[in-house]
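K.L.:
Questions regarding the structure given below will be posed in turn.
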């Protein structure tokens, strides 16, 4: 049986550059009845554990290292034995939240993660953060974009470690080239599709 996608929303705060904001985060679980990976262990390790319901957790994949996306990663790893994977370009951000705990492995552009017979292709999509990645699962017709692409536009680039021209280039070259029917599963808020977002690229650049 092919992998399926499950969705959990957890709530907490995001802090950077001296500010703190209340946020709701999307946590994505990809797998089958026996094994899974978690994309972005946000805020509440207990809630993620409950959603896993005893399945073997093979990896905790971080789309980037802002604290709202990685806050529960070490606790979830400790509870399950899963490895935490992060693109090394975001290690400096990671250390702001977890100075005494390092990720267990690196993510790299072109890497393929396989869960429940389904491949997820790692796409390096910097801009919101230097090591931001998206995960494209062609068999599921979906891409997990973290905070790189949302319904209605790119992720925020007004804080440290971010850059607007870079995120636009990532979206144009790595995401909008995917099939238009690809479902975009984001780090916050509602899903969208590549086809819905592609026509708006020029507007975002104004």
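The values are calculated or read from the model by the stated rules, or taken from the named source; none is laboratory data. Note that this is a predicted model, so its numbers are computed, not measured. Please note: Cβ atoms are built from the backbone with ideal geometry, for glycine as well, and neighbour counts cover all protein chains shown.
K.L.:
Taking the stretch 157-182 as the region of interest, how many residues are buried (at least 16 other Cβ atoms within 10 Å of the Cβ), touching a residue at least 40 places away in the same chain (Cβ under 8 Å) and not in a helix (DSSP H, G or I)?
P.N.:
3
K.L.:
Another one. Looking at the stretch 1-95, what strands (runs of 3 or more DSSP E) fall wholly within it and have at least 2 residues that are farther than 24 Å from residue 118 by Cβ, touching a helix residue (DSSP H, G or I) at 6+ places or on another chain (Cβ under 8 Å) and modelled with pLDDT of 95 or more?
P.N.:
4-16
K.L.:
Next question, about the same structure. Taking the stretch 183-197, which residues are in contact (Cβ under 8 Å) with a residue 24 or more places away in the chain and assigned to a helix (DSSP H, G or I)?
P.N.:
Result: 194, 196, 197.
K.L.:
Next up: Pick from the stretch 141-156 the residues that are out of contact with any strand residue (DSSP E or B) (no Cβ under 8 Å at 6 or more places or on another chain) and within 21 Å of residue 199 (Cβ to Cβ): which of them is surrounded by the most Cβ atoms within 10 Å (Cβ to Cβ)?
P.N.:
154
K.L.:
Residue 165: modelled with pLDDT of 95 or more and over 24 Å from residue 67 (Cβ atoms), yes or no?
P.N.:
The answer is yes for residue 165.
K.L.:
Please specify each residue of the stretch 16-36 satisfying the condition of being in contact (Cβ under 8 Å) with a residue 40 or more places away in the chain and surrounded by 13 or more Cβ atoms within 10 Å (Cβ to Cβ).
P.N.:
Residues satisfying the conditions are 16, 23, 24, 25, 26, 28, 30, 31, 32, 35, 36.
K.L.:
Within the stretch 101-113, track down each residue that is at pLDDT 95 or above and either under 16 Å from the mean Cα position of the chain (by Cα) or farther than 22 Å from residue 29 by Cβ (or both).
P.N.:
Matches in the stretch 101-113: 102, 103, 105, 106, 107, 108, 109, 110, 111, 112, 113.
K.L.:
Hey, can you tell me all the residues within the stretch 96-125 that are in contact (Cβ under 8 Å) with a residue 40 or more places away in the chain, surrounded by fewer than 19 Cβ atoms within 10 Å (Cβ to Cβ) and either on the phi > 0 side of the Ramachandran plot or in a loop (DSSP other than H, G, I, E, B) (or both)?
P.N.:
Across the stretch 96-125, the qualifying residues are 116, 117.
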